[in-house]
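The values are calculated or read from the model by the stated rules, or taken from the named source; none is laboratory data. Values in this document were obtained by computation on a predicted structure and should not be read as measured data. Ideal geometry is used to build each Cβ from the backbone, glycine not excepted, and the neighbour counts take in all protein chains shown.
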Amino acid sequence: MSDRPGLSYAAAGVDIDAAHQAMKGVAALVRSTATPDTLSELGSFGGLYRVPRDARQPVLVASTDGVGTKLKVAFSTGRHGTVGEDLVNHCVNDILVQGARPLFFLDYVGVGRLEPGVVEELVSGVARGCRNNRCALLGGETAEMPDMYQPGEYDLAGTIVGIVEEDRVLDGKAIRGGDAIVALASTGLHTNGYSLARRIVFDRLGLGADSPFPGEDASVADVLLRVHKSYLQSLYPLVDAGRVRGLAHITGGGLVDNVPRILPEGLDARFDRSSWQVPNLFRVLQREGGVEEREMYRAFNMGVGMVAVVAADEADAVVREMSAAGEQAWIAGEIVPGAGKVVLS
């Protein structure tokens with residue numbers, strides 16, 4: 001038997017008692033998202049969720065994502081309460097484009113060392129996103145892993161499961177030449193392009209988190225941490241009514257790479273760039289970073305968070321309904337013969 005002091009998990013950097021304490025604050029947040037079909041409580045080895053009884057031919061739609069280097073902004077500012085909401089809304093939009101509404105969500109937080117209040121703040125954002133999108137936070141995992149993360153840093157990811165009737169799946173096959181493209185405004189960078197944006201803002205411009213953002217009545221932190229918008233509440237009624245022929249969530253790759261994912265063979269999406277004013281945030285990034293125009297439309301959403309393809313004779317009505325639902329929406333282009341590309345004119 002060695003005469004050296006015995007080791008413990010806590011001495012190795014994992015404090016189980018602290019983890020249990022953190023979970024006490026999380027339990028109420030999780031319960032606040034429960035829906036009538038939630039069958040399990042926090043602490044189960046797996047989450048239980050009933051397939052809604054009114055479903056006729058249910059198809060489950062699943063997606064997994066993270067928040068990316070937007071987390072770096074949260075680390076530097078100590079503001080952790082919105083990135084969880086970003087995560088949920090991003091995932092909600094990713095399944096909405098296939099016609100699905102969310103059922104439940106699972107989150108994953110990986111940290112080097114649990115810090116008091118941080119996990120609760122993260123999960124509060126996740127829970128808020130779930131409540132706003134009417135889906136249950138069914139469970140998740142918080143993993144404390146010493147030496148995997150720098151002090152004060154963490155990773156955040158999530159998985160969403162939603163449902164759509166088989167005959168209502170959106171896959172773009174209904175899109176026809178002459179259809180109209182309706183754009184819905186973003187709230188900022190959403191959760192994409194942060195590696196480039198941070199390089200421009202913090203390195204090129206030399207700004208700090210509390211510095212005024214050029215051309216904005218807000219700080220750098222306020223602008224960069226604006227919440228990724230969910231389009232579920234405004235768009236789902238149109239989707240459910242069969243009035244949308246295709247949807248594209250404008251994430252990494254921008255308009256250039258995301259819209260072609262829904263285009264049938266032989267068709268292009270032609271955007272009229274004069275139909276909207278690119279927000280100040282993106283103009284500053286382009287000017288100060290010396291970023292080429294085409295690169296801007298691949299790295300960033302350029303003010304467009306979601307694209308809906310609808311019949312041309314429906315477009316004006318759709319814009320009016322989106323505006324009534326609180327969206328900034330406009331006719332941004334049309335579907336034309338082509339080779340499956342985005343044309344920016």
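Can you find a residue in the range 280-303 that is more than 18 Å from residue 259 (Cβ to Cβ), among the hydroxyl-bearing types (Ser, Thr, Tyr) and assigned to a helix (DSSP H, G or I)? Working first, answer last.
Restricting attention to the range 280-303, the residues satisfying the condition of being more than 18 Å from residue 259 (Cβ to Cβ) are 280-281, 283-292.
With the extra rule that they be among the hydroxyl-bearing types (Ser, Thr, Tyr), the set shrinks to none.
So far as the range 280-303 goes, no, none of its residues is more than 18 Å from residue 259 (Cβ to Cβ), among the hydroxyl-bearing types (Ser, Thr, Tyr) and assigned to a helix (DSSP H, G or I).
Looking only at the range 211-234, which residues are more than 19 Å from the chain's Cα centre (by Cα), surrounded by fewer than 22 Cβ atoms within 10 Å (Cβ to Cβ) and in contact (Cβ under 8 Å) with a residue 12 or more places away in the chain? Walk me through how you get there before you give the answer.
Let us first name the residues in the range 211-234 that are more than 19 Å from the chain's Cα centre (by Cα), namely 211-220.
Imposing the further condition that a residue be surrounded by fewer than 22 Cβ atoms within 10 Å (Cβ to Cβ) reduces the set to 211-219.
Across the range 211-234, the qualifying residues are 213, 214, 215, 216.
A quick yes/no check of all residues on (1) closer than 27 Å to residue 341 by Cα; (2) buried (at least 16 other Cβ atoms within 10 Å of the Cβ); (3) not assigned by TED's automatic domain parsing to the domain that holds residue 91:
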| residue | (1), (2), (3) |
| --- | --- |
| 142 | no, yes, no |
| 145 | no, no, no |
| 152 | no, no, no |
| 156 | no, yes, no |
| 162 | no, yes, no |
| 173 | yes, no, yes |
| 186 | yes, yes, yes |
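Search the range 245-261 for residues being crowded, with 23+ Cβ neighbours inside 10 Å and β-branched (Val, Ile, Thr), and hand back the single one that is farthest from residue 199 (Cα to Cα).
So, considering only residues that are crowded, with 23+ Cβ neighbours inside 10 Å and β-branched (Val, Ile, Thr), the one farthest from residue 199 (Cα to Cα) is 259.
Which members of the range 304-345 meet the condition of being in a loop (DSSP other than H, G, I, E, B), touching a strand residue (DSSP E or B) at 6+ places or on another chain (Cβ under 6 Å) and closer than 15 Å to residue 260 by Cα?
The answer is 338, 341.
If you check residue 84 against the conditions, is it in contact (Cβ under 8 Å) with a residue 60 or more places away in the chain, in contact with a helix residue (DSSP H, G or I) (Cβ under 7 Å, 6 or more places away or on another chain) and over 23 Å from residue 70 (Cβ atoms)? Spell out how you get there, then give the answer.
Details: in contact (Cβ under 8 Å) with a residue 60 or more places away in the chain: yes; in contact with a helix residue (DSSP H, G or I) (Cβ under 7 Å, 6 or more places away or on another chain): yes; over 23 Å from residue 70 (Cβ atoms): no.
Judged against the criteria, residue 84 is not a match.
For the range 68-98, name all the residues that are touching a strand residue (DSSP E or B) at 6+ places or on another chain (Cβ under 7 Å), surrounded by fewer than 23 Cβ atoms within 10 Å (Cβ to Cβ) and under 26 Å from residue 201 (Cα atoms).
Within the range 68-98, just 71 meets the criteria.
Only one residue in 252, 242 is in a loop (DSSP other than H, G, I, E, B), of a type in the set (Gly, Ala, Ser) and over 22 Å from residue 191 (Cβ atoms). Which one? Give the derivation first.
Working: 252 fails: over 22 Å from residue 191 (Cβ atoms).
When all the criteria are applied, what remains is 242.
In the range 189-209, what residues are in contact (Cβ under 8 Å) with a residue 24 or more places away in the chain and over 24 Å from the mean Cα position of the chain (by Cα)? Full working, then the answer.
Step one: of the range 189-209, the residues in contact (Cβ under 8 Å) with a residue 24 or more places away in the chain are 189-201, 204-205, 209.
Within the range 189-209, 204, 205 qualify.
Would you check which residues across the range 76-90 are hydrophobic (A, V, I, L, M, F, W, C) and either modelled with pLDDT under 95 or assigned to a strand (DSSP E or B) (or both) and list them?
None; the set is empty.
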